[in-house]
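Everything on this sheet refers to the single structure shown next.
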Amino acid sequence: MNGSCNESNGIHEQNDDISWANILDDLTTLEKLPEPVLQFVKQGVQLCCPDKLHLCQGSHDEQATLLALLETRGQLGRLKKLNNCWLARTDPRDVARVEGRTVMVTKNRRDAVAGGDNGALGRWMSLEDFERAKAERFPGCMKGRTMYVMPFSMGPVNSPLAKLGVELTDSPYVAVSMHIMTRVGPEVLQALQQNDFVRCLHSVGAPCTSTDPRATWPCDPDRTLIAQLPESGEIFSYGSGYGGNSLLGKKCFALRIASRMAREQGWLAEHMLILGITNPQGRKKYMVAAFPSACGKTNLAMMTPALPGWKVECVGDDIAWMKFDEQGQLRAINPEFGFFGVAPGTSIKTNPVAMKMIQSNTIFTNVGKTSDGGIYWEGIDEKLAKGVTIRSWLDEPWTPSSGEPCAHPNSRFCTPLQQCSILDPAWDDPQGVPIEAIIFGGRRPQGVPLVYEAFNWKHGVFIGAAMRSESTAAAEFKGKHIMHDPFAMRPFFGYNFGDYLAHWLSMDKHSHQPRIYHVNWFGKDADGHFLWPGFGQNARVLDWIFRRVEGEAEAIETAVGLVPAPGSLNMQELEAVDEEALFSVEKGFWEDEARKVRAFLEGQVGNDLPAEMLIQLKQLEERVAELP
Ligand code: SAT
Ligand code: MN
């Protein structure tokens with residue numbers, strides 16, 4: 001054969017032609033591919049040398065076949081108690097995003113990372129170093145495996161706000177997950193005839209010659225590399241099969257590559273949920289909210305309001321693509337097609353909508369399993385039938401006294417959007433939904449009020465820039481410490497954060513500018529108890545924001561922003577909460593906070609920081625200095 005990857009030729013003496021008949025069962029598949037996609041597939045095959053090629057067309061049958069294949073190989077187990085639900089257990093070294101191995105590859109470092117040589121907000125790799133790293137990893141990496149070709153759309157196909165991608169992956173687990181998380185199907189192939197696409201190449205990376213029968217989750221943790229090349233619209237991911245490392249439509253494309261596209265094209269790609277909220281009078285507003293990973297975006301996006309007469313509907317739980325339209329109205333789409341939500345802590349009490357939607361067609365990863373074929377995790381709050389036992393995510397017998405968690409703290413459910421019972425009627429609207437409020441937030445045990453409103457857009461941008469939050473299990477960090485996480489985008493910026501701030505500031509000119517808020521559901525008292533009940537009770541905060549946007553609710557000025565005037569937050573029928581503690585703006589705390597924000601902005605953004613941010617910081621420091 002003249003294929004490039006046969007042993008005798010070796011991978012370095014590649015011929016241009018591929019012997020398609022050797023790797024493809026149905027040659028008519030090739031005719032379905034638009035020429036640029038075919039070229040991309042060809043390059044991928046020549047580089048990675050898969051044994052087989054499979055074009056994914058997004059059908060139900062195809063998904064069923066892939067799931068059955070994964071079951072046969074022991075890579076997925078069926079959860080008999082649920083309907084078409086599956087459990088994957090990963091290699092314990094491959095359980096979260098690896099920020100330390102995620103890089104932006106650009107010609108100039110400054111285009112990717114702010115703050116000059118000291119800047120640590122993002123990681124940069126030169127094109128030369130990347131070429132070397134690629135050559136050390138990808139050649140021949142798919143030998144013995146099948147390469148799946150996944151053409152996908154982020155956003156409703158043909159929406160002016162949507163973008164296309166093609167992922168080549170050697171992981172059938174990634175293929176079935178991408179089926180859920182993105183739009184895949186003939187209409188995507190059709191759209192690819194006329195439109196460019198982001199080129200995504202993914203390999204789990206481990207040599208598949210492994211004879212270890214336990215190697216059901218191949219990966220190469222020591223050499224993992226997730227590289228984004230925004231200048232050419234390419235993503236290369238090697239060595240991990242998990243979540244944002246491998247489902248390349250999500251963080252790599254929809255945030256890192258897209259945020260850079262958005263800057264060039266005048267829109268925003270943000271780490272935000274999108275929800276619609278209707279008041280008892282039937283008036284509806286849409287809001288977006290940016291919280292770091294694993295801080296409750298999914299719970300807020302699907303909230304069951306504790307306030308009578310209110311209704312929340314979900315557009316998305318993780319990513320928003322937004323653009324001001326010609327009327328000066330910010331409009332948002334959810335580029336995704338599924339939920340990849342954190343499992344632990346999800347229960348009938350905390351998120352009944354999610355608990356219902358994950359009873360079918362869901363892929364669980366690294367949760368515990370009950371002996372009757374159900375799921376289990378910390379905080380699931382479910383009684384087990386008599387005699388039922390549990391195995392942990394590590395497939396070991398588990399009881400509450402085991403001392404180890406039953407589910408990995410970053411274990412996930414992957415579920416189609418359309419299974420959400422409160423999916424918003426406009427979830428698929430190609431024009432997007434009109435956004436009236438932008439909410440920032442994080443996990444702040446101390447010092448940060450329940451809610452405050454920005455004085456104006458510029459101050460709102462500053463609030464986003466100054467965000468800090470306790471670290472979570474979504475990335476590799478150990479222990480809980482408060483990290484700077486501006487706009488909840490720290491791991492996801494696709495370009496220089498100083499330019500990102502300038503881009504946000506440049507949006508201060510539209511007729512229907514959304515108002516900007518900061519919330520903190522996670523304040524604790526001296527004994528470590530939460531000050532606020534959270535979950536459905538957060539509707540009280542959304543109600544206040546709703547009425548503020550309508551110009552109704554009263555607010556009072558504090559050093560950090562506008563907080564609810566006494567009596568303006570609906571506290572009816574809420575068990576006693578310590579309102580004073582919830583809204584205290586304490587001088588010592590905020591002096592320290594402002595100091596940390598200054599050190600961060602000066603140290604990490606430096607000369608790239610827009611002057612307006614220093615003005616806002618100075619004003620905050622002055623207001624704090626005046627506190628008693
Ligand atoms: O990046 S993941 O998709 O694994 C989850 C997250 O960090 O939000
Ligand atoms: Mn996220």
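The values are calculated or read from the model by the stated rules, or taken from the named source; none is laboratory data. Not measured: the values here are computed from a predicted model. Cβ coordinates were reconstructed from backbone atoms using ideal geometry, including for glycine residues, and neighbour counts include every protein chain displayed. For the accessible areas, the whole protein counts, side chains as well, though only heavy atoms, and no ligand, DNA or RNA atoms are used. Shrake-Rupley method; radii C 1.70, N 1.55, O 1.52, S 1.80 Å.
How much FRET efficiency would the formula 1/(1 + (r/R0)^6) give for E612 and F477, where r is the Cβ-Cβ distance and R0 is 41 Å, rounded to 0.05? Spell out each step's value before the answer.
Working: r = 31 Å, r/R0 = 0.75.
FRET efficiency, E612 to F477: 0.85.
Using alpha-carbon pairs under 8 Å, 6+ residues apart, how would you state the relative contact order of segment 177-311 in percent? Show your work: numbers first, answer last.
Working: 161 pairs, mean separation 21.8, N = 135.
Once divided by the residue count of segment 177-311, the mean separation gives 16 percent.
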- Around L82, with a cut-off of 12 angstrom between Cβ atoms, what is the net charge of the other residues, counting Lys and Arg +1 and Asp and Glu -1? +4
- Message: Is the C-alpha gyration tensor of segment 471-550 telling us rounded, prolate or oblate? Criteria: a/c under 1.5 is rounded; beyond that, a/b larger than b/c is prolate, otherwise oblate.
- Response: oblate
- Message: Run the reach check for K251 against lysines, Cα to Cα strictly under 22 Å, same-chain hits fewer than 8 apart removed. What comes back?
- Response: K107, K134, K163, K297, K323, K478
- Query: Label-point separation (nm) for D429 and A135, each offset 7 Å from Cα along Cα-to-Cβ?
  - Reply: 5.2
- Considering Cα pairs under 8 angstrom that are at least six residues apart, work out the relative contact order of the chain and quote it in whole percent. 14
- Message: Probe radius 1.4 Å, ligands and nucleic acids ignored: give me the carbon and sulfur share of the accessible area of the chain as a rounded percent.
- Response: 49
- Counting other Cβ atoms within 10 Å of each Cβ, which trypsin sites (Lys or Arg not before Pro) in segment 241-300 have at most 11 and sit in a DSSP loop? R283
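Quick check: residue separation of K311 and D17 times 0.36 nm, minus the Cα distance between them. What number comes out in nm?
Numbers: separation 294, 0.36 × 294 = 105.84 nm, distance 5.81 nm.
Gain in length upon complete extension: 100.0 nm.
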- Task: Using a 1.4 angstrom probe on the protein heavy atoms only, line up T298, T182 by accessible area, largest first.
- Result: T298, T182
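Nothing charged except the Cβ atoms of Lys and Arg (+1) and of Asp and Glu (-1): what's the magnitude of the dipole of segment 504-616 about its Cα centre? Round to the nearest 20 debye. It would help to have the intermediate numbers written out before the result.
Numbers: 10 positive and 20 negative charges, 87 e Å.
For this selection, approximately 420 debye.
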- Taking the simple approach of a point 7 Å from Cα along Cα-to-Cβ for both A68 and T29, what is their distance in nm? 1.7
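With every protein chain kept in place and ligands, DNA and RNA left out, what is the accessible area per residue of segment 112-222? Probe 1.4 Å, answer in Å².
Working: 4230 Å² over 111 residues.
In whole numbers, segment 112-222 has 38 Å² accessible per residue.
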- Message: Starting from 0.36 nm per residue, how many nanometres of slack lie between A581 and S511 once their C-alpha separation is accounted for?
- Response: 21.6 nm
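Multiply the residue gap between D111 and K81 by 0.36 nm, knock off their C-alpha separation, and tell me the result in nm, one decimal place. Could the numbers behind the result be given before it?
Details: separation 30, 0.36 × 30 = 10.80 nm, distance 5.05 nm.
Between D111 and K81, full extension yields 5.7 nm more.
How long are the semi-axes of the equivalent ellipsoid of segment 85-215, taking √(5λ) for every eigenvalue λ of the Cα gyration tensor, in whole Å from largest down?
Details: eigenvalues 140, 124, 47 Å².
In descending order the semi-axes read 26, 25, 15 Å.
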- Query: Which value, in debye to the nearest 20, describes the size of the charge dipole of the chain about its Cα centre when Lys and Arg Cβ atoms bear +1, Asp and Glu Cβ atoms bear -1, and nothing else is charged?
  - Reply: 640
- Spin-label pair R598/S59, simplified geometry with 7 Å Cα→Cβ offset, distance in nm: 6.6
- For I180, what charge total do you get from the other residues with a beta carbon under 12 Å from its beta carbon, if Lys and Arg give +1 and Asp and Glu give -1? +2
- Probe 1.4 Å, heavy atoms of protein chains only: per residue, the accessible area of segment 340-470 in Å² is 37
- Message: Give me the Å³ per residue figure for the convex hull around the C-alpha atoms of the chain.
- Response: 153
- May I ask you to order 550-562, 405-417 by the average number of other C-beta atoms within 10 Å around their residues, highest value first? 405-417, 550-562
- When DSSP assigns beta bridges and you keep just the ones with both residues in the chain, what percent turn out antiparallel, to the nearest 5? 60
- Message: Which one, G100, Q619, A555, projects farthest toward the positive side of the charge dipole computed for the chain from Cβ point charges (K/R +1, D/E -1)?
- Response: G100
- Query: Assigning unit charges at the beta carbon (Lys, Arg +1; Asp, Glu -1) and nothing else, what dipole magnitude in debye, to the nearest 20, does segment 358-472 show about its Cα centre?
  - Reply: 300
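Could you sort the peptides 144-150, 481-487 by per-residue average Cβ neighbour count (10 Å cutoff), highest mean leading?
On the way: 144-150: 21.1, 481-487: 19.4.
The most tightly packed comes first, giving 144-150, 481-487.
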- Percent of C-alpha pairs per 10 Å bin, segment 109-171, short to long: 17, 23, 33, 25, 1
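Given Cα positions, please report Rg to Rh for segment 511-560, the hydrodynamic radius being the Kirkwood one. Let's see the in-between values first.
Numbers: Rg = 13.5 Å, Rh = 12.9 Å.
Radius of gyration over Kirkwood radius for segment 511-560 works out to 1.04.
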